[in-house]
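Here is the structure we will look at, set down as structure tokens.
The values are calculated or read from the model by the stated rules, or taken from the named source; none is laboratory data. Just so it is clear, the structure is predicted and the values come from calculations on it, not from any experiment. Cβ placement follows ideal geometry from the backbone for every residue including glycine, while neighbour counts extend to all protein chains displayed.
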Amino acid sequence: NAGVTQTPKFRILKIGQSMTLQCTQDMNHNYMYWYRQDPGMGLKLIYYSVGAGITDKGEVPNGYNVSRSTTEDFPLRLELAAPSQTSVYFCATGGSNQPQHFGDGTRLSIL
Amino acid sequence: AQSVTQLGSHVSVSEGALVLLRCNYSSSVPPYLFWYVQYPNQGLQLLLKYTSAATLVKGINGFEAEFKKSETSFHLTKPSAHMSDAAEYFCAVSELGGGYQKVTFGTGTKLQVIP
């Protein structure tokens with residue numbers, strides 16, 4: 001039972017490059033979330049989705065985009081990578097007032 | 001707006017000693033509260049959750065937390081620390097509003113266990 005799978009696990013980008021962080025779940029959860037985690041800052045919500053075809057911005061959406069064409073997949077797109085986007089990114093799924101289930105994260109460095 | 005405050009970004013305890021990690025929250029509605037644990041290079045894992053059924057909540061690995069409405073607190077405890085408890089712990093509050101489950105995390109407490 002895979003749960004929430006994130007790829008890649010690590011990536012180094014140059015400033016201005018673009019990339020997509022992948023997130024796939026096999027838990028049939030409607031809610032999916034993207035967070036970024038920076039040291040001492042906890043988790044900040046980037047985008048979330050309440051179901052296929054429905055997405056909305058979280059606290060820190062600037063510089064990111066998402067799509068949700070299926071229940072299973074919720075990719076996060078960085079169009080023009082900036083050093084401020086160096087972080088650890090977590091995808092999570094959940095239901096109404098239920099605990100969230102997290103992937104193992106993608107560690108992204110932008111140089 | 002909901003918020004979570006974790007007192008102490010770093011806590012050190014001796015192996016076998018009591019673990020106490022503090023969490024205070026604010027919420028405009030009765031909250032759902034969670035504690036998560038994060039081991040190095042991993043995602044967050046659920047330790048326990050409060051959903052109004054009982055004020056004392058037992059979780060995995062011997063942890064428990066008590067919901068105190070009058071103090072708006074949800075502190076995490078374990079009677080006897082093990083070396084394997086060394087990790088970062090996050091308190092979180094959840095409300096259903098604005099069309100989605102809004103979860104706010106604390107900034108985390110790193111637990112060091114000294115042999």
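Just need a number here: residues in region A:1-28 that are polar (S, T, N, Q), assigned to a loop (DSSP other than H, G, I, E, B) and in contact with a Leu (Cβ under 9 Å, 6 or more places away or on another chain). Outline the logic, then answer.
In the first step, residues of region A:1-28 are kept if they are polar (S, T, N, Q); the result is A:1, A:5-7, A:17-18, A:20, A:22, A:24-25, A:28.
Filter once more, keeping what is assigned to a loop (DSSP other than H, G, I, E, B): A:1, A:17-18, A:28.
Those left that are additionally in contact with a Leu (Cβ under 9 Å, 6 or more places away or on another chain): A:17-18.
So the count comes out to 2.
Evaluate region A:67-86: report whether one residue or more is among the small types (Gly, Ala, Ser), closer than 26 Å to B:Thr51 by Cα and either buried (at least 16 other Cβ atoms within 10 Å of the Cβ) or touching a residue at least 40 places away in the same chain (Cβ under 8 Å) (or both). Steps first, answer last, please.
Pass one, region A:67-86, residues among the small types (Gly, Ala, Ser): A:67, A:69, A:81-82, A:84.
Now narrow it down to the ones that are closer than 26 Å to B:Thr51 by Cα: none.
Checking region A:67-86: not a single residue is among the small types (Gly, Ala, Ser), closer than 26 Å to B:Thr51 by Cα and either buried (at least 16 other Cβ atoms within 10 Å of the Cβ) or touching a residue at least 40 places away in the same chain (Cβ under 8 Å) (or both).
Could you list, in sequence order, all residues of region B:65-111 that are assigned to a strand (DSSP E or B), away from chain A (no Cβ under 11 Å), touching a residue at least 12 places away in the same chain (Cβ under 8 Å) and within 13 Å of B:Cys23 (Cα to Cα)?
Selection gives B:Ala65, B:Phe67, B:Lys68, B:Ser73, B:Phe74, B:His75, B:Leu76, B:Thr77, B:Tyr89.
Is there a residue in region B:50-60 that is at the interface with another protein chain (Cβ under 8 Å from one of its Cβ atoms), in a strand (DSSP E or B), closer than 17 Å to B:Tyr25 by Cβ and not hydrophobic (A, V, I, L, M, F, W, C)? Reasoning before the result, please.
So in region B:50-60, the residues at the interface with another protein chain (Cβ under 8 Å from one of its Cβ atoms) come out as B:51.
If we keep only those that are in a strand (DSSP E or B) as well, we get none.
Within region B:50-60, not a single residue is at the interface with another protein chain (Cβ under 8 Å from one of its Cβ atoms), in a strand (DSSP E or B), closer than 17 Å to B:Tyr25 by Cβ and not hydrophobic (A, V, I, L, M, F, W, C).
Name the pairs: first residue in region A:7-36 and farther than 19 Å from A:Val66 by Cα and within 11 Å of chain B (Cβ to nearest Cβ), second residue surrounded by fewer than 19 Cβ atoms within 10 Å (Cβ to Cβ) and modelled with pLDDT of 95 or more, Cβ to Cβ under 6 Å, at least 6 apart or on different chains?
From region A:7-36, the pairs are A:Phe10/A:Arg107.
For residues that are among the β-branched types (Val, Ile, Thr) and more than 14 Å from every other protein chain (Cβ to nearest Cβ), scanning just region A:81-111, find the one that is nearest to A:Met41 (Cα to Cα).
So, considering only residues that are among the β-branched types (Val, Ile, Thr) and more than 14 Å from every other protein chain (Cβ to nearest Cβ), the one nearest to A:Met41 (Cα to Cα) is A:Thr86.
Report whether or not A:Ala2 is of a type in the set (Gly, Ala, Ser) and within 18 Å of B:Gln42 (Cα to Cα). Before you say what the answer is, go through the steps one by one.
On the way: of a type in the set (Gly, Ala, Ser): yes; within 18 Å of B:Gln42 (Cα to Cα): yes.
The answer is yes for A:Ala2.
Taking strands (runs of 3 or more DSSP E) that fall entirely within region A:31-101, which contain at least 2 residues that are under 19 Å from B:Thr107 (Cβ atoms)? Don't jump to the end; show me each part of the working.
Values: elements: A:31-37, A:43-51, A:54-57, A:64-66, A:76-78, A:87-94.
Once the strands (runs of 3 or more DSSP E) in region A:31-101 are filtered for at least 2 residues that are under 19 Å from B:Thr107 (Cβ atoms), what remains is A:31-37, A:43-51, A:87-94.
Can you tell me how many residues in region A:3-24 are of a type outside the set (S, T, N, Q) and closer than 12 Å to A:Glu72 by Cα? Walk me through it before giving the result.
Step one: of region A:3-24, the residues of a type outside the set (S, T, N, Q) are A:3-4, A:8-16, A:19, A:21, A:23.
Adding the requirement that they be closer than 12 Å to A:Glu72 by Cα leaves A:3-4, A:23.
Residues in region A:3-24 being of a type outside the set (S, T, N, Q) and closer than 12 Å to A:Glu72 by Cα: 3 in total.
Quick one: in region B:1-39, which of the residues that are more than 14 Å from B:Ser73 (Cβ to Cβ) and of a type in the set (Ser, Thr, Tyr) is surrounded by the fewest Cβ atoms within 10 Å (Cβ to Cβ)?
B:Ser28
Quick one: is B:Gln42 polar (S, T, N, Q), surrounded by 13 or more Cβ atoms within 10 Å (Cβ to Cβ), assigned to a loop (DSSP other than H, G, I, E, B) and in contact with a Gly (Cβ under 8 Å, 6 or more places away or on another chain)? Reasoning before the result, please.
Numbers: polar (S, T, N, Q): yes; surrounded by 13 or more Cβ atoms within 10 Å (Cβ to Cβ): yes; assigned to a loop (DSSP other than H, G, I, E, B): yes; in contact with a Gly (Cβ under 8 Å, 6 or more places away or on another chain): yes.
Taking the combined requirement at face value, the residue satisfies it.
Every residue in region B:89-115 that is surrounded by fewer than 19 Cβ atoms within 10 Å (Cβ to Cβ) and in contact with a Lys or Arg (Cβ under 9 Å, 6 or more places away or on another chain), please. Before you say what the answer is, go through the steps one by one.
At the first step, the residues of region B:89-115 found to be surrounded by fewer than 19 Cβ atoms within 10 Å (Cβ to Cβ) are B:96-99, B:102, B:107, B:110, B:112, B:114-115.
B:Leu96, the sole residue that qualifies.
Can you tell me which residue in region B:47-75 is farthest from A:Gly105 (Cα to Cα), limited to those that are surrounded by 17 or more Cβ atoms within 10 Å (Cβ to Cβ) and either of a type in the set (D, E, K, R) or touching a Gly at 6+ places or on another chain (Cβ under 8 Å) (or both)? Show your work before the answer.
First, the residues of region B:47-75 that are surrounded by 17 or more Cβ atoms within 10 Å (Cβ to Cβ): B:47-50, B:57, B:59, B:63, B:65, B:67, B:73-75.
Of the ones still in play, those that are also either of a type in the set (D, E, K, R) or touching a Gly at 6+ places or on another chain (Cβ under 8 Å) (or both) are B:47-49, B:65.
Values: B:Leu47: 19, B:Leu48: 21, B:Lys49: 22, B:Ala65: 27 Å.
Checking each candidate, the answer is B:Ala65.
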